[in-house]
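Written below as structure tokens is the structure these notes are about.
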Amino acid sequence: MKSKALALFLVTIFSVVTIPAEAENYIPPDTEETQVQQLQQYVHLIKTAFPFENSKIVSQFGFSQNGFRPYTVFEVHGDVLAAVDGNLSVNDKSIILQSNDLKIVYENVVPSLTNNFVNAGKKIGQADGTVNLYLYWRDVPTDFLFYFFPDKSKMVINGKLEEKEKEKFIENQKEKQSKNNNQSNTTSTSSNLLSYHELLKTRYDSIFDEAGKETNIDPLFLKAVAYVESGLNPGATSPKGAAGIMQIMPETAQKLGVKNIYDPKENIKAGAKYLRMMSDMFNNNMELTLAAYNAGPQAVKQYNGIPPYKETQKFVQAVVDTYENLKKTSTK
């Protein structure tokens, strides 16, 4: 089963669309003790090299009622310095500084260097206004202030603020529901069981078809994922905050441009895009794609396969079984 390729469900007559940058499930930093320990090696260097006295915090990383901000916004007037030793790369929109598993991305900075290795404290650009600073640890969006300047972090000042703001954001999204408001918000289960014949014809078929064409994924596969994730309930919300038919995390939805996470069309299309991203990342392997969709791509990379999480293993098997049965039923 592990060798089964995702090519089984790819619809080859359509071309693959360009997908936004990787959207990773965010985990609040207070639950990541190992990550805290690993980042400690950079604390002294960043505290020394980052010119905080010349920067004003405009907005912090995290949730608000308007969405999820995966970066910190500073007001900077003057030089921008490299926060760590690392490899510098520059593109049209940003300056990227990579140091092993740590990556810092600066937006709205005029670069003064091209691609090169730089030392911490080296001038890499100049800014006159707001600068967006993204911090990634092993490709996971991470709170810069929480780890390196805790005295200025809202997460440290009020440890419960993250969950409160997350709840406010989810409530704000719920209010945007229109015709689906009367559907109960339940945890992510397939409690309203449908037969495979019933699952072949649903009111969301046209959306699954459209999402399949845009991402080059078999609509039946998308439907199988949706069925296992939520039982096709557009109002479903998991305890972790995953929402809608495809159980999209709010921050992932934000990165994929979703305005109303509970809107079936937006939710299904976002889920299809994220599956496409995971498929491309794991060489069209069906099971690894599903595992990454459920547990995050970093977990799949860490274990070099499906992570040893019961939830993820059950999810992968359930989707594969549902998809196979849908295909068989559709040919009868």
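See the values below:
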| item | result |
| --- | --- |
| Some residue of the range 245-265 being part of a helix (DSSP H, G or I), of a type in the set (S, T, N, Q), crowded, with 20+ Cβ neighbours inside 10 Å and under 18 Å from the mean Cα position of the chain (by Cα) | yes |
| Members of the range 90-112 that are loosely packed, with under 15 Cβ neighbours inside 10 Å and in a strand (DSSP E or B) | VAL110 |
| Matching residues, the range 286-311, being surrounded by 21 or more Cβ atoms within 10 Å (Cβ to Cβ) and in a helix (DSSP H, G or I) | MET286, GLU287, LEU288, THR289, LEU290, ALA291, ALA292, TYR293, ASN294, ALA295, PRO297, VAL300 |
| Which listed residue is in contact with a Leu (Cβ under 7 Å, 6 or more places away or on another chain), of a type outside the set (Asp, Glu) and in contact (Cβ under 8 Å) with a residue 60 or more places away in the chain, from LEU326, LEU290 | LEU326 |
| Where a residue in the range 208-224 is farther than 18 Å from LYS327 by Cβ and open to solvent by 10 Å² or more (accessible area, probe 1.4 Å) and its partner, wherever it lies, is at pLDDT 95 or above and small (Gly, Ala, Ser), with Cβ under 8 Å and at least six apart | GLU214/ALA272 |
| Index of the failed condition, ASP321 passing every other in (1) in a helix (DSSP H, G or I); (2) within 22 Å of PRO70 (Cα to Cα); (3) open to solvent by 10 Å² or more (accessible area, probe 1.4 Å) | (2) |
| Residues within the range 122-147 that are modelled with pLDDT under 85 and either open to solvent by less than 10 Å² (accessible area, probe 1.4 Å) or not acidic (Asp, Glu) (or both), tallied | 9 |
| Residue match in the range 235-242 (condition: more than 14 Å from the chain's Cα centre (by Cα), of a type outside the set (Ser, Thr, Tyr) and open to solvent by less than 50 Å² (accessible area, probe 1.4 Å)) | yes |
| Lone unmet requirement of (1) of a type in the set (Ser, Thr, Tyr); (2) touching a strand residue (DSSP E or B) at 6+ places or on another chain (Cβ under 8 Å); (3) under 18 Å from ALA224 (Cα atoms) for TYR262 | (3) |
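The values are calculated or read from the model by the stated rules, or taken from the named source; none is laboratory data. Because the structure is a prediction, the values reported are computed rather than measured. FYI the Cβ positions are ideal-geometry reconstructions off the backbone, even for glycines, and counts take in every protein chain you see. Surface areas here come from the heavy atoms of the whole protein model, side chains and all, with no ligands, DNA or RNA. Shrake-Rupley method; radii C 1.70, N 1.55, O 1.52, S 1.80 Å.
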